[in-house]
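Read through the structure below, which is laid out as structure tokens, and then see the notes.
The values are calculated or read from the model by the stated rules, or taken from the named source; none is laboratory data. In this text the structure is predicted, and so the values were computed from the model without any measurement. Every residue, glycine among them, receives a Cβ derived from its backbone with ideal geometry; neighbour counts consider all protein chains shown. Surface accessibility is based on the protein's heavy atoms, side chains included, excluding ligands, DNA and RNA. Shrake-Rupley method; radii C 1.70, N 1.55, O 1.52, S 1.80 Å.
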Amino acid sequence: MILIKCPYCGERDQSEFANGGEAHVVRPKNPESLSDKDWGEYVFYRNNPKGIFYERWVHSHGCKKWFNVVRNTSTDQILKVYKVNEKRPDLTEFENTLKSPSGEPSVGSGNFAVKK
Amino acid sequence: MTAINNECPYISKNKINFTFDGKNLPAYEGDTIASALLRNNIRLVGRSFKYHRPRGIYTCGIEEPNALVQILSEHNEPNTRATIKRVYDGMEISSQNRWPSLKFDLGAINNILSPIFSAGFYYKTFMGPKGFWKNIYEPLIRKSAGLGKPPKNFRSKSIHQYHNTDIVIIGGGLSGLITARKFVNTKYKVLLIEQDSFLGGILKNSNKVDSINGISPLEWIKETEELLSDSKNITILKNTLVTTYNFTNHLVALEDKYSGRKIDLKKSELTLHKIRTSLTILSNGHIERFISFRNNDLPGVMLASSFEKYIHRYGVIPESKPVIFTNNSSTFSLLKSMTSLGYKPEAYIDSRKKDEIETEIKKFLKNNNITSYFDSEVEGCDGNKKVEKITIRNGKNYFKLNSSMLCVSGGFNPDIHLFTQSKGLVKWDKLIASFKPDTSFQRTLTLGSVSGNYNFKKLCDEINQKLSFLKTKKANLEIKCNVTNKFSLRELWETKKKKNSNWSKSFIDLHNDVTINDLKQAITEGFDRIEHLKRYTTNSMGTDQGKISSINSLALVSKLLKKEIAEVGTTTYRPPYAPLSFAAIAGRSTYEFYDPERKTSIHSWHLENNAVFEDVGQWKRPWYFKANNDETMHQAVQRESKMLRQGAGILDGSTLGKIEIKGRDALEFMNLMYTNAFTKMKPMTSRYALMLGEDGMIKDDGIICKISDQHFIATTTSSGAPKVLADMEEYLQTEWPHLQVYLNSITEQFSTFNISGPKTRDIMARVFPHIDFSNEAFPFMTFKNFDYQDTKIRIMRASFTGELGYEIYIPPKYGLELWEKIFSCGKVFNLIPYGTETMHLLRAEKGYIVVGQETDGTVTPLDLNYNWMIGKNKKDFIGKRSLSRPDTARNDRKQLVGLLPINQSDMIEEGQHIVEINKLPNKIKNPIKYLGHVSSSYHSPNLNKSIGLAMIKGGNNLLGQRFFVTVSGNTKNIPVEIVNPVFIDPENKRLTS
Ligand SMILES: [Zn+2]
């Protein structure tokens, strides 16, 4: 249960929101001009990184507005919240944030809760 | 024998009675089940999980692995920890997992069969000869392994409460109370949470602390509680256990509001607190661990500090002459407790070398003339369902002591469960031979013994330092103790075994009956990663989560693997900290509150007219109407279907989703959302439309009414409405924010009736005499608005049955009255009400699909031969591009066809396979070629034969061919012919005339 700051309503519990997957995947303006492969990439392929992720959320049990969030999927920390029409923040903005909790490796899971 | 400590201030002198296994027993108010049983000298309380070994009370708290009981007087609540649950007058308790009785348990034969149940037995039994699992192992395991019986009925018994606060202090023991005092009258909102019904922790559980600032611990607790209660910013929650520590300092805690009282069936007995805080202070203490030796599970073996807790907290001395076995300095206070009450242990066994043992302990033992053995250990114990003889090893010598109780201390573990749940990092501390918190991941502080600080003298310094952000006065208490100056310990996890027998076992996990041998065997078999080992042996996977033993198993494993313990690592601690019942989590979301029931404005009429209801999403919809009590569903549906096609029928369609789409760009938006072309559609006409996903698959269908280019009304399936509205909203906000369109759900703004059948026009003319329903004035797929009484109605000519039909939309307030009026006008035309089942039958006769029945998320409009619904000239709509992907354009995809059984009386079953062979082999060795499946099947009363719809590979090219449909429970298949899916009125004459 994390806290999410809806840009329209303020900080609310995660249970009020729904996740909409990767952000900034723009629907092609002219689908007919795309090759089968390119169209398939748009419909079926999404990133799923461990670490910093640009994703969409909707305040489904609130104002019902969609917005974008930069979240570290490893620490579950929300690094930035911005409206759909706002510019995508640069990755360099988040360089100095915690990479993973409890010294976990950057790829894969595993239990590394013990300090060596 | 049990003895009594009459000076215990925490137990009232009010006598109560309870029953255990049918026997009436006395107790005092304030007793737990365990203290009450010990008070009555009862030590055998249950049988173990796998081997049915006799088990007693091992601890005095949440960590208890053995003493689980069933509370008969509370809906048969199983697996209740006897060491936590308080008794009250009239409480009825029974022991668990024994048959026929606790003292004589037939399941104990499992102990002799133990080779079957060794490490990995669950996994290995799956590998045996075919049929072994089903016929031998499963019945055996089901009968013999287990805990209590599930409750007989369920009651809604918890409510949820939410908190937003600045500071949460978990644990109202000595360090928690000192910490809380620092927050008195500050600007911080503080929640102090204590699991027990009394604050004080170690102060009341032992005599380790003699005095604080010159006053007794009890007086100091009272003074502190008054101070905290008077401070407006501090709230104290007692009988409340924090079970969960989530991200963003979100905590879940369960409060037992009826602790020690009979529950009131009219009130909730539990409160689940959901807490969001800025800072969490963990002062939740430590848990004593055991030592593995031969038969370390016999009733009578108890942890030393638990024994001490029974004396001070509950006034029960479980045994007046116990043997004490320790590897550390902490048992000193137990020795003092015993002697100060005039009792003397039978013997004191210390595994430490003589020169490692503190002089003050040695002096005390000598002065009080207590038999002591240093550099010695307990080899094991023996007895009939209880400890009778204890074997001691001293160097190479073995000898026996007679005692019925053995107090064991293997050291203390900081209770890091919640800290690791919060994703904090722990490290190994050699001095205490345990893991302690190191780096916090969230805003978390650990204070006192949970942080690995076992020294009372250093407690105030630690608190002052870690709370340096507070401007309040520094805590400075003079704490006088009955403990040694320094905590010292000699690592000891298992003692050397002298004798071997089938019955003798050395346990590492009492709850799940895991032995040291199981660990060794698992490692030999290659399970040398701690997470694998845990799952393979089920070590520490019981409801106690190995609270007294998991660190022991890590230490043993590290020794077996010859690795450092830090290298072996810990297993992951997961919430909840202690079992949390589903009733607590469910809160008020039970029965009628679990999911709202939605009823239409006609619901009362349906009830009066013998409707049988079906759940459609949250809606209650009439499924069919019983003409009389003896009529079966099949008879009712056949009757309704026949009468509708002969006269007329009416369906309550109010549940249908309705969305209003308005705005400058409504037309463009609708053209993008649906497959159909709306541009050339005339105002005040309607059209059947499909909505696809971006993958080209059908998501929903419905009728679209076009009022103007700026105003549409879309209907959706009854259960699909919220999703369709959310999808529309998502596209508008995220992909096409330039479109000026507004959406509104109007489902509940209208009652909707679908009336159809050849006599419909006559009925409508009587209900609405001023409206011209002629085909010329009111053609198929048009709609009009009319004044009706003092409101407005909309009537659309449409049909889902294939007959002449109209849909009436009216505000719900007027719904029931109009419905009744239609019936009074329709009586002479044999108008009947019909339900969803008849609707499904009639539409199947007509070859109409149902989204979710013919489609399953893998069906495109092309697969249904609905090419006519696709606006091919439209540049774009959701899913359009996917219809030309190589996979969706294949002509051997499953396509919609009709099925007619060759033998007209054969009924085919929905969901069955369509194959090429008339009979399945008795034993299927090679895969059978599969062509498709039956999606709908009915007996048609109007055609007087059974009909079906099916999705078959390349079905469009198979018309006229014969195949077979499989039958459940039979190898003989039903022969069918593939036909056009429209069985009635393929020319649409009935619809349009
Ligand atoms: Zn919002």
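Below is a table of values for the structure above.
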| quantity | calculated |
| --- | --- |
| For segment A:41-67, residues shielded by at least 40 square angstrom of accessible area compared with the chain on its own, probe 1.4 Å | A:Phe44, A:Arg56, A:Trp66 |
| Segment B:890-993 - Rg and Dmax from Cα coordinates, angstrom | 14.5, 56 |
| Theoretical FRET efficiency, 1/(1+(r/R0)^6), r = Cβ-Cβ of B:Lys827 and B:Asn970, R0 45 Å, to 0.05 | 0.45 |
| Dimensionless Rg/Rh of chain B - Kirkwood Rh, Rg from C-alpha atoms | 1.10 |
| Accessible surface, per residue, of segment B:6-108 when the full set of protein chains is kept, probe 1.4 Å, Å² | 35 |
| DSSP bridge orientation in chain B - percent antiparallel, rounded to nearest 5 | 75 |
| Modelled FRET efficiency - R0 56 Å, B:Ala627 with A:Asn30, Cβ distances, 0.05 increments | 0.45 |
| Chain B, helix-only ellipticity at 222 nm - DSSP H runs n ≥ 4, -39,500 (n - 2.57), divided by all residues, nearest 500 | -6000 deg cm²/dmol |
| Compactness of segment B:509-618, expressed as Rg and Dmax over alpha-carbon positions, Å | 25.3, 78 |
| Dipole in debye (nearest 20) - segment B:290-410, about Cα centre, beta carbon charges: Lys, Arg +1; Asp, Glu -1 | 200 |
| Reciprocal mean inverse distance between Cα atoms of segment B:745-886 - Kirkwood radius, Å | 17.6 |
| Chain-alone versus full-assembly comparison, segment B:408-425, residues with accessible loss of at least 40 Å² (1.4 Å probe) | B:Lys423, B:Leu425 |
| Accessible surface of the protein assembly as shown, 1.4 Å probe, proportion on carbon and sulfur as whole % | 51 |
| Chain B: relative contact order as a whole-number percent, Cα under 8 Å and 6+ apart | 9 |
| Computed Rg/Rh of the protein assembly as shown, alpha carbon atoms with Kirkwood Rh | 1.06 |
| B:Gln465-B:Glu776 pseudo-label distance in nm [points 7 Å out on the Cα-to-Cβ vector] | 10.1 |
| Amide N proximity, segment B:842-868 versus B:Glu910 label position 7 Å along Cα-to-Cβ, cut-off under 16 Å | B:842-857 |
| Using alpha carbons only: equivalent-ellipsoid semi-axes of segment A:3-94, gyration tensor based, whole Å | 26, 16, 12 |
| Span from the segment B:606-683 Cα centroid across to the segment B:279-309 one, whole angstrom | 64 |
| Segment B:451-524 and segment B:835-910: distance between their alpha carbon centers, rounded to Å | 67 |
| 18 Å tail of the calculated P(r), segment B:657-748, as % of Cα pairs | 37 |
| Chain-alone versus full-assembly comparison, segment B:712-738, residues with accessible loss of at least 20 Å² (1.4 Å probe) | B:Glu730, B:Gln733, B:Thr734, B:Glu735 |
| Separation between Cα centres of segment B:1-36 and segment B:335-374, rounded to whole Å | 30 |
| Total charge dipole magnitude, segment A:1-95, about the Cα centre, Cβ charges on Lys, Arg, Asp, Glu only, Debye to nearest 20 | 260 |
| Nitroxide proxy distance, nm - points 7 Å out along Cα→Cβ at B:Asp856 and B:Lys562 | 5.7 |
| Summed buried accessible area for B+A [probe radius 1.4 Å, Å², rounded to 100] | 3100 |
| With eigenvalues of the C-alpha gyration tensor scaled by 5 and rooted, segment B:290-410, Å | 19, 19, 12 |
| Linear extension gain, B:Tyr930 paired with B:Thr19, 0.36 nm per residue minus alpha-carbon span | 321.7 nm |
| Rounded accessible area per residue of segment B:755-816, 1.4 Å, Å² | 39 |
| Selection from B:Leu199, B:Trp623, B:Thr248 lying farthest towards where the dipole of chain B points positive, charges on Cβ | B:Leu199 |
